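What follows is a short report on a single structure.
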Amino acid sequence: MSRRPLIAGNWKMHLTLDEAVQLAKAVATASAGCSDRDIMIAPAFTALAAVVAAVKETHILVAAQNVSWENQGAYTGEISPVMLKDLGINSVIIGHSERRHIFGENDAMINRRLRAALDADILPILCIGETLEEREAGATLTVLESQLRGGLEQVRKEQAARVVLAYEPVWAIGTGKTASKEQAQEVHAFLRQFLEGLYEKNIAETVRILYGGSVKPDNIDELMAQPDIDGVLVGGAALKAESFKRIICFR
Ligand code: 13P
């Protein structure tokens, strides 16, 4: 089964409106010849509308960095699935480690967000990953298993096929310390196996699993060469057109 590669840039809390539009246009130009892969950028909420407009005639996907589980109501600071759809946004990052560790989001909240995205027909990228402490304690797979179980609770088989997973070891995010290709492949293969147990083989083979954590121009090729790595979620290196271009054009 061949899964379509997905290269995603998470812009986090960076870039003003003008900077975001400029970078979006540069990404569109950089990826013009690459129709065999999905390219996605995730700007901050403030830049979503402008970025959607800037890449309108291209095949670039624009994602939000979070979404509420409610469609409307008294939820100060939240953005709903309906609001995202209204802007033409069809994908969203959910459960990023910064949401989990800095803002205290737990699996139950993440699961509600994920199900709301699926119900609204928005493609969710569910992020999971262990901390350094958990890895050193030999708890990596148990932690991932529990994040996956919690995140996917009540998600039916037909819906699960539409989820994208992102394995982002917390110790590799923004640290310049990438998981080795072997470490990443081992975890990705485990996650696929786990999905097979949770759902079925067909689902496990359909779901794309991205790697994230210090992905750079000089490690993209070896990561993408792994059989269970279907794409990457890039932070820092997605903020410069030049480096993101090299990542998009992995060989
Ligand atoms: P870095 O690529 O900066 O390590 O960030 C990874 C990440 O958190 C993407 O979501």
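Hey, among GLN193, GLN147, which residue is in contact with a helix residue (DSSP H, G or I) (Cβ under 8 Å, 6 or more places away or on another chain) and within 16 Å of the ligand (Cβ to nearest atom)? Show your work before the answer.
Details: GLN193 fails: within 16 Å of the ligand (Cβ to nearest atom).
Result of the check over GLN193, GLN147: GLN147.
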Within region 72-91, the residues that are in contact (Cβ under 8 Å) with a residue 40 or more places away in the chain and either surrounded by fewer than 21 Cβ atoms within 10 Å (Cβ to Cβ) or under 19 Å from ILE248 (Cα atoms) (or both) are SER91
All-but-one check, ALA30 against (1) in contact (Cβ under 8 Å) with a residue 40 or more places away in the chain; (2) of a type outside the set (Val, Ile, Thr); (3) closer than 22 Å to CYS127 by Cβ, failing number (3)
Being under 14 Å from PRO124 (Cα atoms), modelled with pLDDT of 95 or more and within 16 Å of the ligand (Cβ to nearest atom): is that true of VAL92 here? yes
Within region 12-56, restricting to residues that are more than 18 Å from GLU242 (Cα to Cα) and among the polar types (S, T, N, Q), the one that is modelled with the lowest pLDDT is SER35
When (1) hydroxyl-bearing (Ser, Thr, Tyr); (2) under 18 Å from the mean Cα position of the chain (by Cα); (3) part of a helix (DSSP H, G or I) are applied to SER68, the one that fails is (3)
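Okay, residues lined up against (1) within 16 Å of the ligand (Cβ to nearest atom); (2) free of Cβ contacts under 8 Å to residues at least 12 places away in the same chain:
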{"site": "SER68", "(1), (2)": "no, no"}
{"site": "GLY104", "(1), (2)": "no, yes"}
{"site": "LEU118", "(1), (2)": "no, no"}
{"site": "ILE128", "(1), (2)": "yes, no"}
Of those in region 203-241 that are part of a helix (DSSP H, G or I) and closer than 18 Å to LYS12 by Cα, the residue farthest from the ligand (Cβ to nearest atom) is ALA241
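It is to be established whether one or more residues within region 111-121 are closer than 25 Å to ARG246 by Cβ, under 18 Å from the mean Cα position of the chain (by Cα) and buried (at least 18 other Cβ atoms within 10 Å of the Cβ). Lay out the reasoning, then the answer.
Start the filter on region 111-121 by keeping residues that are closer than 25 Å to ARG246 by Cβ, which leaves none.
The answer is no; no qualifying residue exists.
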Checked against (1) at pLDDT below 95; (2) away from the ligand (no atom under 13 Å from the Cβ); (3) crowded, with 19+ Cβ neighbours inside 10 Å, VAL155 satisfies every condition except (1)
Reported set for region 185-240 where residues are under 14 Å from the mean Cα position of the chain (by Cα) and free of Cβ contacts under 8 Å to residues at least 24 places away in the same chain is none
Scanning region 32-51 for residues that are closer than 24 Å to GLY174 by Cα and touching a Ser or Thr at 6+ places or on another chain (Cβ under 9 Å), the one farthest from the ligand (Cβ to nearest atom) turns out to be THR46
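The values are calculated or read from the model by the stated rules, or taken from the named source; none is laboratory data. Small disclaimer: the values here were computed from a predicted structure and weren't measured. All Cβ positions, glycine included, derive from the backbone under ideal geometry; neighbour counts span all protein chains shown.
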